[in-house]
Each structure stands twice: as C-alpha cells, then as structure tokens.
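The values are calculated or read from the model by the stated rules, or taken from the named source; none is laboratory data. Being a predicted model, the structure only gives us computed values, none of them experimental. Here the Cβ positions follow ideal geometry from the backbone for every residue, glycine too, while neighbour counts run over all protein chains shown. SASA here: full protein model, heavy atoms, side chains in, ligands and nucleic acids out. Shrake-Rupley method; radii C 1.70, N 1.55, O 1.52, S 1.80 Å.
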Amino acid sequence: LRGAGAMIALPFLEAMWPRAARAQAAATARRFLAWYVPNGIHMPDWTPAATGAAYTLPAILQPLAPVRDEVIVLSGLANLAARVNVSGDHARGTGSFLTARTVFRTAGNDIYNGISLDQRLAQAIGSQTTLPSLQLGAESGGSTGDCDSGYSCAYSRNISWAGPQTPLAKETNPVSAFD
C-alpha cells in the first residue's frame, strides 16, 4: 500500500504512456540543440562531407543515425559579431554564439547582448514540450566581474539570453537537471 500511495501522488509522466503514444508525442515535438565547445573542436569530425538530404553522418555523429532524416547539421557559418579586433575573444565568442550580436564591453553590471536563437525558438515552439527551454552545462560560475579583458563573466559563462540584459544560467548539477 505504501508503494501504491507513492504512485498515486506522482504526476502522470510521459514514461507512463504506452510506447506507441510516447513515440507519436515525440514525433510531433520539435527540438533545437546548440552544442557549444569553448575550446574548439576538429570540425571535419563533426561536419558531413556532402551537403543536402543525402549526407552521410560522420563517425562522431553516428549515434544520431536512427533519426538522421530528422536532423539538420548546419555548417559553414561565421559569427562575425564576435570578431572585433581587441582582446576578449573568448567572452565575445561565447556571449554572441547564439545571439549573433557584438556584446557590449563591460566588466560591470551594464551588460548588453541580444536575445539568443534558442530563446526565440522557445517563444515560437516551446509550448510543444514540457519545458520550453533547458540550459545545461558542465561548469558553473557567477556572471559578475571581469572574466576576459574587460568583458563581463556574464558573456563568458552564458550562451542563452532571454533579453539584452538577461543571461540564462545553465544547470550544471545532473541531479538537479534530472529533477
């Protein structure tokens, strides 16, 4: 009876749906994933050799093979907003990764950036999923102070922005993310 009581108290979870219903619900939801690697990656390992619908997944993306027809791999983009000829490349590159805006150089509270692509998409399609947006990361840290040549830590530590002065902190604790 104790176990049954605990089950009744739980909200109805997607995992409780029959497999066919879960597959149908998952097929209708659209999702966007931005994967940021601040120290760079070897792009040929991540980029398909061919363009268009007939592309072949490179080895590192092979786990996506079952959903390959539903995945778009964007490449060849240049974030010109981050290319300013002064020091602070890491903060500008991180801060403008999804906003494509040149961030305002400050180590103070007067940060200024744009709304990030993930948040624009969350506004448009976020109602299709339980959480409109979820920011996850591997390393935490505060968003105040000077983290890179006069650029605020807000730029260095956040790629997701709800507004020009509202960085969205990432969840770095796996237990909290699961909960």
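The set of residues in the stretch 41-78 that are within 16 Å of the chain's Cα centre (by Cα) and at pLDDT below 85 contains only 74. The residue of the stretch 60-81 that is most open to solvent (accessible area, probe 1.4 Å), among those that are among the small types (Gly, Ala, Ser) and either part of a loop (DSSP other than H, G, I, E, B) or on the phi > 0 side of the Ramachandran plot (or both), is 76.
Give the residues of the stretch 82-103 that are hydrophobic (A, V, I, L, M, F, W, C), over 17 Å from residue 163 (Cβ atoms) and open to solvent by 20 Å² or more (accessible area, probe 1.4 Å), sorted by residue number.
Residues satisfying the conditions are 84, 86.
Does residue 111 satisfy being within 24 Å of residue 158 (Cβ to Cβ) and either of a type in the set (Asp, Glu) or touching a Ser or Thr at 6+ places or on another chain (Cβ under 6 Å) (or both)? Answer is yes for this residue. If you go through the stretch 36-50 and pick out every residue that is open to solvent by 80 Å² or more (accessible area, probe 1.4 Å), aliphatic (A, V, I, L, M) and farther than 15 Å from residue 77 by Cα, you end up with 1. Cβ separations smaller than 6 Å between residues 6+ apart or across chains give the following pairs from the stretch 121-149 residues that are closer than 17 Å to residue 98 by Cβ to residues that are open to solvent by 90 Å² or more (accessible area, probe 1.4 Å): 121/32; 125/30. Does residue 118 meet the test of being in contact with a Leu (Cβ under 8 Å, 6 or more places away or on another chain), charged (D, E, K, R) and under 25 Å from residue 167 (Cβ atoms)? So residue 118 fits the description; yes.
Report whether or not residue 155 is surrounded by fewer than 19 Cβ atoms within 10 Å (Cβ to Cβ) and among the aromatic types (Phe, Trp, Tyr).
no
Considering the stretch 158-171, and only residues there that are open to solvent by less than 60 Å² (accessible area, probe 1.4 Å) and in contact with a strand residue (DSSP E or B) (Cβ under 8 Å, 6 or more places away or on another chain), the residue that is farthest from residue 122 (Cα to Cα) turns out to be 158.
Given the criteria more than 30 Å from residue 112 (Cβ to Cβ) and part of a loop (DSSP other than H, G, I, E, B), does residue 53 qualify? When the stated conditions are applied, residue 53 passes them. Exactly one residue among 129, 106 is more than 13 Å from residue 168 (Cβ to Cβ), open to solvent by 20 Å² or more (accessible area, probe 1.4 Å) and not hydrophobic (A, V, I, L, M, F, W, C), and that residue is 129.
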